[in-house]
There are 6 protein chains.
Amino acid sequence: MFSLTVRDHTMVAHSLPDPFFGPAQRVHGATYVVDVTLRAADLDPHGVVADIGALARELRAVLADLDHRNLDDDPAFAGVLTTTEVLARTVADRLAGRVAAGGLGPDTRHLRDLEVVLGESPVASAGYRRSLRDGE
Amino acid sequence: MFSLTVRDHTMVAHSLPDPFFGPAQRVHGATYVVDVTLRAADLDPHGVVADIGALARELRAVLADLDHRNLDDDPAFAGVLTTTEVLARTVADRLAGRVAAGGLGPDTRHLRDLEVVLGESPVASAGYRRSLRDGE
Amino acid sequence: MFSLTVRDHTMVAHSLPDPFFGPAQRVHGATYVVDVTLRAADLDPHGVVADIGALARELRAVLADLDHRNLDDDPAFAGVLTTTEVLARTVADRLAGRVAAGGLGPDTRHLRDLEVVLGESPVASAGYRRSLRDGE
Amino acid sequence: MFSLTVRDHTMVAHSLPDPFFGPAQRVHGATYVVDVTLRAADLDPHGVVADIGALARELRAVLADLDHRNLDDDPAFAGVLTTTEVLARTVADRLAGRVAAGGLGPDTRHLRDLEVVLGESPVASAGYRRSLRDGE
Amino acid sequence: MFSLTVRDHTMVAHSLPDPFFGPAQRVHGATYVVDVTLRAADLDPHGVVADIGALARELRAVLADLDHRNLDDDPAFAGVLTTTEVLARTVADRLAGRVAAGGLGPDTRHLRDLEVVLGESPVASAGYRRSLRDGE
Amino acid sequence: MFSLTVRDHTMVAHSLPDPFFGPAQRVHGATYVVDVTLRAADLDPHGVVADIGALARELRAVLADLDHRNLDDDPAFAGVLTTTEVLARTVADRLAGRVAAGGLGPDTRHLRDLEVVLGESPVASAGYRRSLRDGE
């Protein structure tokens with residue numbers, strides 16, 4: 001099994017309005033260091049899992065919708081607790097959508113899954129891993 | 001599959017009294033950088049794998065029994081080679097015990113497994129991954 | 001010259017309301033990784049620059065006033081652009097005040113200066129270095 | 001499941017002569033930070049996945065054939081695009097060959113698989129994971 | 001004293017044709033992780049050492065002349081041993097030239113010096129620090 | 001001013017027998033990540049601050065006297081509190097002695113000073129900087 005990982009980051013504000021989150025109920029912020037890993041059983045005809053430049057560009061496009069924003073004001077997250085886990089799934093699902101739409105080229109049948117890990121501090125991170133194949 | 005990772009560290013002395021270990025047969029020491037990852041198929045009602053503060057607190061409690069000690073003097077390790085692999089399993093099992101005892105709250109049915117990785121230097125680490133579900 | 005460095009972090013929201021800052025004019029956030037370095041020409045009677053536990057505790061106290069807050073709502077920053085540089089100076093000055101008040105013990109004459117570096121992302125940081133001696 | 005990871009690095013030149021790779025068609029270079037992870041269901045009689053010194057030595061031997069070379073001149077890569085993915089597989093396969101030849105000792109039946117991750121920059125890495133057991 | 005640091009990287013091939021350099025006499029390569037630090041006694045009217053976006057852009061422009069190249073073919077380095085130290089000075093001097101040409105805006109009188117550190121591997125780096133003021 | 005930095009590490013046990021150190025009075029241990037930086041106003045005839053291989057070798061020789069030992073048993077530290085600051089000075093002074101004895105070659109007049117930083121954990125380090133020139 002092959003893997004390819006690219007890193008980027010985004011800086012957002014948000015609040016977690018549930019007493020469960022203690023002081024994080026207040027509006028605060030985070031720099032999320034974002035690692036995206038694609039896994040594939042085989043390489044494509046160019047000997048890669050994916051065009052690393054294309055993967056970086058698609059990730060950047062997904063993060064551009066979060067960058068320098070207060071997620072509390074984003075209708076996409078209305079009524080949603082924007083925990084690091086939820087944000088990891090959001091980034092993964094949006095990126096998977098872009099892959100399905102051809103963002104990494106027309107033929108991605110060799111790709112198996114995608115994992116997004118968001119590091120929120122030097123001591124904490126959360127991630128989400130999902131299939132890139134229909135019906136899984 | 002979701003994941004949540006927290007990091008802490010502990011500083012211990014020990015020896016590995018078997019000729020296999022060469023100079024590490026002598027009493028020496030290590031700073032272990034400890035990464036604990038919980039994996040879960042679903043999120044809990046608060047949108048998280050676990051309360052990150054609770055996970056950090058339970059890990060700290062496990063590491064407090066190691067901190068600033070000579071493991072050669074710890075009855076729990078009598079007759080045991082305290083290799084990094086063995087220490088990773090020890091931390092994982094003790095943490096799993098605390099999870100089972102309710103340290104992360106009463107309902108942890110969504111949790112699948114737990115992995116502990118101990119970094120002993122910039123160039124070496126060892127880990128142990130185990131299920132958090134009965135019978136696995 | 002001796003040095004002692006401790007690391008902690010804080011997660012805040014803020015905005016930079018000046019067209020100069022482009023998208024950072026919006027409310028967003030950051031995880032600041034905070035490195036504090038004390039420099040001293042000599043060691044104290046215990047062979048250290050400072051009690052590392054005391055330094056970590058004093059830094060934590062300074063960061064506790066920032067943690068999980070929107071700096072736009074903090075009267076201490078009214079009318080101030082809370083750039084990373086300004087925040088580094090704020091942390092340094094507040095910490096220097098705590099040192100002067102005895103937070104690291106009664107005798108700190110051997111201490112020369114203090115530097116605070118705030119890492120805002122994997123690719124950017126800013127810092128401030130100041131004397132700990134009167135008249136410098 | 002246990003794991004053991006060691007890190008080393010190698011500095012090479014190469015080119016990727018396919019228009020797909022844009023500017024990387026030119027002769028350029030990379031420092032690859034190489035992480036090798038062995039996984040095992042059980043520990044050996046010394047309480048380890050493998051002798052960490054032996055694993056580091058075997059990895060060094062594999063990397064010595066790449067160090068300070070232009071891979072374009074290496075017959076082993078004639079007609080091959082030396083992408084990071086391909087190099088990760090090459091290192092993994094060569095290391096697996098050395099394990100099979102006894103480089104980690106005569107009994108490695110407890111070993112399951114081996115993963116090699118090559119970090120080519122702070123923002124990109126690629127890896128290859130393969131079985132160490134016949135017929136898998 | 002204030003500081004501002006940005007990070008980028010570049011991937012090059014080169015050789016060091018002097019027996020002093022042993023195996024590095026051969027064509028090989030490196031990923032250089034490039035940290036640029038500006039120091040200033042005061043902040044500019046926007047409360048920063050420099051516009052971080054402008055500094056990152058100017059650094060990128062300097063690195064673009066090195067990216068994905070064999071430095072042995074670059075006339076700028078004809079007859080020059082492109083050691084990490086020499087490359088750090090080259091990047092620093094070129095960046096200082098761009099600052100002098102207005103790359104960070106018209107008024108940079110508050111800037112004191114500039115330091116460039118090139119990390120060539122996890123265990124080695126070299127740097128060059130120079131004044132940004134005339135006659136120093 | 002030029003700089004050259006190399007990294008290595010050492011794993012030791014020790015105790016700090018003074019009530020000031022709380023639980024660190026017990027025998028415990030540490031992995032010290034050791035960064036050595038040489039500074040020089042000029043480069044040598046090969047375009048470097050020093051032969052990086054020679055510097056790494058000299059540092060390794062200094063650390064070999066500490067590796068896998070209990071410093072409490074080392075006569076060199078009899079009656080000395082082996083704090084991180086003291087160990088940084090010890091490594092720096094021993095390395096300076098080796099430089100003076102020709103370990104980096106016969107001509108080191110261009111070298112100015114040497115700094116040793118010991119990272120004892122992800123959140124704490126200490127260092128010592130000293131001149132390499134007589135009478136300073």
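General remarks:
- Restricting segment A:90-126 to residues that are of a type outside the set (A, V, I, L, M) and free of Cβ contacts under 8 Å to residues at least 40 places away in the same chain, the residue that is most open to solvent (accessible area, probe 1.4 Å): A:ARG109
- Subset of segment F:74-83 [over 22 Å from B:PRO23 (Cβ atoms) and in contact (Cβ under 8 Å) with a residue 12 or more places away in the chain]: F:LEU81, F:THR83
- None of D:ARG60, D:ARG7, D:ARG39 is surrounded by fewer than 16 Cβ atoms within 10 Å (Cβ to Cβ), under 30 Å from B:LEU118 (Cα atoms) and touching a strand residue (DSSP E or B) at 6+ places or on another chain (Cβ under 9 Å) except D:ARG60.
- The residue that is most open to solvent (accessible area, probe 1.4 Å), counting only those in segment C:18-36 that are assigned to a loop (DSSP other than H, G, I, E, B) and free of Cβ contacts under 8 Å to residues at least 60 places away in the same chain, is C:ARG26.
- Number of the exception - F:LEU71 against (1) in contact (Cβ under 8 Å) with a residue 24 or more places away in the chain; (2) in contact with an Asp or Glu (Cβ under 8 Å, 6 or more places away or on another chain); (3) within 14 Å of chain B (Cβ to nearest Cβ); (4) not charged (D, E, K, R): (2)
- Test for A:SER15: is it of a type in the set (S, T, N, Q) and under 28 Å from D:VAL116 (Cβ atoms): no
- A single member of A:VAL49, A:VAL12 is more than 14 Å from chain C (Cβ to nearest Cβ), touching a strand residue (DSSP E or B) at 6+ places or on another chain (Cβ under 7 Å) and crowded, with 23+ Cβ neighbours inside 10 Å, and it is A:VAL49.
- Condition check for C:GLU85: under 16 Å from the mean Cα position of the chain (by Cα), part of a helix (DSSP H, G or I) and surrounded by 18 or more Cβ atoms within 10 Å (Cβ to Cβ): yes
Yes/no matrix, rows are residues, columns are (1) of a type in the set (A, V, I, L, M); (2) not in a loop (DSSP other than H, G, I, E, B):
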{"site": "C:ALA61", "(1), (2)": "yes, yes"}
{"site": "C:ASP67", "(1), (2)": "no, no"}
{"site": "C:ARG89", "(1), (2)": "no, yes"}
{"site": "C:ALA96", "(1), (2)": "yes, yes"}
{"site": "C:LEU104", "(1), (2)": "yes, no"}
{"site": "C:ARG112", "(1), (2)": "no, yes"}
{"site": "C:GLU115", "(1), (2)": "no, yes"}
{"site": "C:SER125", "(1), (2)": "no, yes"}
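- Selection count, segment C:23-46, where residues are facing another protein chain (nearest Cβ under 7 Å) and either basic (Lys, Arg) or over 30 Å from F:PRO19 (Cβ atoms) (or both): 9
The values are calculated or read from the model by the stated rules, or taken from the named source; none is laboratory data. Since the structure is predicted, the reported quantities are computational estimates derived from the model, not experimental observations. Here Cβ is always computed from backbone atoms with ideal geometry, including for glycine, and neighbour counts include all displayed protein chains. In case anyone asks, the SASA skips ligands and DNA or RNA and just uses the protein heavy atoms, side chains included. Shrake-Rupley method; radii C 1.70, N 1.55, O 1.52, S 1.80 Å.
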